[in-house]
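Peer 1: Starting off with a structure, shown below.
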Amino acid sequence: MYEMPSSRRKSTRYHCKGGVEMRRSEGVPAIFGNLTDISLEGCYVESHSPEPVGNEMVFTIKVADTLIRGRARVKASHHAVGMGLEFLHLASEDQQKLEFLVGTLAGNQDMRPKEQRVIVPEDPIRRPAPLTTPPRPITTNFTGASVRIPASTSAATAPAAESNMNSLSQRISESVNDLNGLEQELVKERVDPRLLAQFHDAIGHIRQTSWTLQQWVDLQSRGGDPFEVLPQLEGERMQMLGKLAHNVTADIDSTSINQFTLGVSELYETIQHLYRRLHKMLVDESGG
């Protein structure tokens, strides 16, 4: 186990896009965020629900096909924006991956002689060994008789399906990067801050949903259980609804929203219905 030194930042941070999965400890629900920059000492993660300063987290960083796992401490926390993480512990393999990633971002890897470049491949994906004589899939024709489909038909579709999944994952990542670039251009054009804030929140929701979608696609292509990631969508809805409620409350306080605002009556009815359902679920059914 490699232990990171505890000191002030000594390493240069580099802009980097990726996803980060964080947990307070193994076996508890995960928090998901977007990686914005990284160094040999730590990284910054965009998240609507950042952890308090001092909390320790186990994390998995995913940048393209690279996975880096370890333990970190929250060094900075910005409400509804994100948090800065300081790396505490990294396995030697993950340390090498981190050094290679940062070196690539800095442009150093291409400058090193080939024999000095450190490349640690990912563990191969373990799949069940195929049967010696795989049975051919059986279907039924319109007469009710059983018909055997040639084995080559189903076997040939597997690589094509996995390739298509990888292409989808890449397109999702590229689309999010395009939106990030558009947001930066809008900032340079000095667009009204209220519009920028609305656009930023929308992009944040897209990033989180895209990250979940990428995980689903990756698990589907690798033979895992893609439905494990679906609870992340419910968590994202809770965060998004809470943030919207906070913003609407602020608009009411500033009189931007009043009794004549279009849709306010419908919103009232919807919230009343949601309140009754939540009260029934959290109070009535719990016996409180």
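None of the figures in this text is laboratory data; all of them are computed from the coordinates on show. Predicted model, so just to flag it, every value in this text is computed and none were measured. Quick reminder, even Gly has a Cβ in these numbers, built from the backbone with ideal geometry, and neighbours come from all protein chains shown.
Peer 1: Please give me the summed charge of the neighbours of Leu186: other residues whose Cβ is under 14 Å from its Cβ, Lys and Arg +1, Asp and Glu -1.
Peer 2: Net local charge, Leu186 excluded: -3.
Peer 1: Then there is this: Using only the Cα atoms, work out Rg/Rh for the range 217-283, with Rh taken as the Kirkwood radius, to two decimals.
Peer 2: Here the Rg-to-Rh quotient is 1.19.
Peer 1: Moving on. Given a Förster radius of 35 Å and the C-beta distance between Lys243 and Glu93 as r, what FRET efficiency does 1/(1 + (r/R0)^6) yield to the nearest 0.05?
Peer 2: Once rounded, the FRET efficiency stands at 0.40.
Peer 1: If you don't mind, there's one more thing I want to ask. Given a cut-off of 32 Å, name the pairs among Lys62/Lys188; Lys17/Lys280; Lys97/Lys188; Lys17/Lys188; Lys62/Lys280 whose C-alpha atoms lie farther apart than that in the structure shown.
Peer 2: Result: Lys17/Lys280; Lys97/Lys188; Lys62/Lys280 exceed 32 Å.
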